[in-house]
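What follows is one structure encoded as structure tokens, with my remarks underneath.
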Amino acid sequence: MRQTLTAKILAAHLAGGSPAPGAEIAVRIDQTLTQDSTGTMAYLQFEAMDVPRVRTKLSVAYADHNTLQCGFENADDHRYIATVAARHGVIFSKPGNGICHQVHLERFGRPGWTLLGSDSHTPTAGGIGMLAIGAGGLDVAVAMAGGPYYLARPKVCRVELIGKLAPWVAAKDVILELLRRLTVKGGVGRIFEYGGPGAATLSVPERATITNMGAELGATTSIFPSDAATEAFMIAQGRGCEWVPLAADPDAVYDETVTIDLGKLEPLVALPHSPDDVVPVSAAAGTRLDQVAIGSCTNSSYSDLHKVAKILEGKRVDPGVSLVIAPGSRQVLAMLADSGDLGALIRAGARILECACGPCIGMGQAPRTGGVSLRTFNRNFPGRSGTPGAGVYLASPEVAAVSALTGLITDPRHYGDPPATALSGRAGHSAGDNLFIFPPPKGDGITVDRGPNIKPFPRAARPPADLAATVVLKAGDNITTDDIMPSHAGLLPYRSNIPHLAEFCYAGVDAAFPARAKAAGGGIIVAGANYGQGSSREHAALVPLYLGIKAVIAKSFARIHRANLINFGILPLLFADPADYDALAAGDTLAVARLTDQIAAGEAVAAQTAAGRTVVLKLAVSPRERQVILAGGLLNLAGQGGDGRA
């Protein structure tokens, strides 16, 4: 007894490792998901493992990012994913079926199961009591091949929810409050486990909003118990037989505890340009808006959009505001149509977008130059909207809807009575699974189609015995994967074409970086704290690998990006003395004698500058990760019969 919910699920799925905090563990994976932005690369890697069929209980490939199809590239990638999925036993979710996290929550998520997804917002499924973790595509490919997922055993932080949300206060405000307190680095190495009497007052869609944006904390994942609210949601989805009750033991012991009184929260807003720059909406009230965007995997459920429709019903959007709404799934869109909510949205002046990620990833609806956009999304990093100088604010659907009517960021508590909540799904409602393509029992006769945009991915070599490399870039704190490998509408179609993407690596930070890295024959990147925060996209490691980057030296790393660097044979080194960060500059040369011996020997790696300064670096890796690095990456290790796959 005395077990947390996290500990119970981990114990049921433990494939190896030590129970000690921080020690590496191996976790069996029940389900995987990919999306088309990361999926093409993940399936190319899966094919390289030469495994005939996936070995998970269920794997789903979603097409939800690259749906504009302005050229042949997107459609070719979708055809590749559809055919490789059919050949290897993966369900394919066609474009238009919805955002992977919303659809997976509705149709496939199961309490107590494990889910590994090649998208950082995979923890959305924690709202249904699932241990759902975002990872790089190669880790997901290994899981599909039957291998476990390795991670350092996280701390478990109890988030004790008490009270009940006041009128006009939303689940979005719960996670914004946690971001305000803990920052975008506050969840690194942690799982947030929600509980307390306040948790029982939240529906599954509300819980999913909170677990979704736990990714912005840098958390490994977030999870709620599976209780009566979970059962009601699954019954409404026609999956009541899959529900099981799950909760922590009453006397469970946690590493940390945070308490949030729901009744004391007020509507909040994240200011440009970080999800943790959070203030009361009243502090930003009066800011003139050009655009309001409602949707994304964070706030696109039927209950979210039903409330928006009720706020807008019989009214008109401010003439100076462009209001765009993207339902999270085909099911949500059908329910809006059946209930009359869709008509209310259209008559109010909303533009209805496809059931896809859309503006959240910069795929359309970029604001005007210098424009201000209020969004219900999860990230507001500079340039992510597609417009470098735009100011993007994050808030709840309620704040967004009221603000769309006034044309200004508005505190909705002064607006009148709030709309009632509706369950995202209802008994007897058709789930509409006709946009899933289920694989045949055997895929031997299926030919995998590969378009001309699909290029081979780079493979790392073993590290050299001695290394001498130039610092080709010095970056600051909180460098995001968007900074490293931009992900706007012009580049997303090329996610399967690493040589093309390489020309744009660090485009928003230092446009000369690709040419400089090529001229130097590769090199080293130096960075500050929390390097690689944000998306799970392994392209932020693959593209630097293609450009010859041998190591990244940072004050600290975001979890997923650190794992991606290791998977592709790039050394993730830490400064033993933070003062050495200040002493290094772009253009400096670092020499590491007996590199492979030092990697094999332990944590310390000593480097010398041309001026004779010794820089002591730490390689804080597990024994397995050390093997991966010495092999030149996870695929190389798997090819040697190592621990890359079962």
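The values are calculated or read from the model by the stated rules, or taken from the named source; none is laboratory data. Quantities reported herein were computed from a predicted structural model and do not represent experimental measurements. All Cβ positions, glycine included, derive from the backbone under ideal geometry; neighbour counts span all protein chains shown.
Condition first: surrounded by fewer than 15 Cβ atoms within 10 Å (Cβ to Cβ), more than 24 Å from Asn74 (Cβ to Cβ) and basic (Lys, Arg). Can you find one or more residues in the stretch 293-312 that meet it? Within the stretch 293-312 (the criterion being surrounded by fewer than 15 Cβ atoms within 10 Å (Cβ to Cβ), more than 24 Å from Asn74 (Cβ to Cβ) and basic (Lys, Arg)), the answer is no, since none of the residues qualifies. Residue-level check: of (1) crowded, with 17+ Cβ neighbours inside 10 Å; (2) touching a Phe, Trp or Tyr at 6+ places or on another chain (Cβ under 9 Å), Gly490 misses just (1). A search for C-beta distances below 7 Å between a residue of the stretch 307-327 that is among the acidic types (Asp, Glu) and any residue that is buried (at least 24 other Cβ atoms within 10 Å of the Cβ) and at pLDDT 95 or above, counting only pairs 6+ apart in sequence or on different chains, returns Asp318/Ala404. When the stretch 202-239 is filtered for residues that are part of a loop (DSSP other than H, G, I, E, B) and over 23 Å from Arg379 (Cβ atoms), the ones remaining, listed by number, are Ser203, Pro225, Asp227, Gln237, Gly238, Arg239.
When Arg79, Arg2 are checked against the criterion of being modelled with pLDDT under 95 and out of contact with any helix residue (DSSP H, G or I) (no Cβ under 8 Å at 6 or more places or on another chain), Arg2 stands alone in meeting it. Checked against the criterion of being in a loop (DSSP other than H, G, I, E, B) and touching an Asp or Glu at 6+ places or on another chain (Cβ under 6 Å), the stretch 443-457 contains one or more residues that satisfy it. Among the residues making up the stretch 350-363, a single one is on the phi > 0 side of the Ramachandran plot and either without any contact (Cβ under 8 Å) to a residue 12 or more places away in the chain or surrounded by fewer than 24 Cβ atoms within 10 Å (Cβ to Cβ) (or both): Gly362. When the strands (runs of 3 or more DSSP E) confined to the stretch 1-72 are screened for residues that are within 28 Å of Gly490 (Cβ to Cβ), those reaching at least 1 such residues are found at 31-35, 58-62.
Return yes or no: is Thr387 in a loop (DSSP other than H, G, I, E, B), under 21 Å from Lys315 (Cβ atoms) and not aliphatic (A, V, I, L, M)? Here the answer is no, as Thr387 does not meet what is asked.
Scanning the stretch 332-369 for residues that are under 19 Å from Ser403 (Cα atoms), at pLDDT 95 or above and either in a strand (DSSP E or B) or small (Gly, Ala, Ser) (or both) yields Ala344, Ala348, Gly349, Ala350, Arg351, Ile352. I'd like the full set of residues that are of a type outside the set (S, T, N, Q) and surrounded by fewer than 24 Cβ atoms within 10 Å (Cβ to Cβ), limited to the stretch 364-383. Once the filter is applied, which keeps residues that are of a type outside the set (S, T, N, Q) and surrounded by fewer than 24 Cβ atoms within 10 Å (Cβ to Cβ), the stretch 364-383 yields Gly364, Ala366, Pro367, Arg368, Gly370, Gly371, Val372, Phe381, Pro382, Gly383. Of everything in the stretch 119-129 that is under 8 Å from the mean Cα position of the chain (by Cα) and in a loop (DSSP other than H, G, I, E, B), the residue that is nearest to Ala228 (Cα to Cα) is His121.
The conditions of being without any contact (Cβ under 8 Å) to a residue 40 or more places away in the chain and of a type outside the set (A, V, I, L, M) are met by Gly187.
Gly386 meets the conditions (1) crowded, with 24+ Cβ neighbours inside 10 Å; (2) within 19 Å of the chain's Cα centre (by Cα) in every case but one. The failed one is (1).
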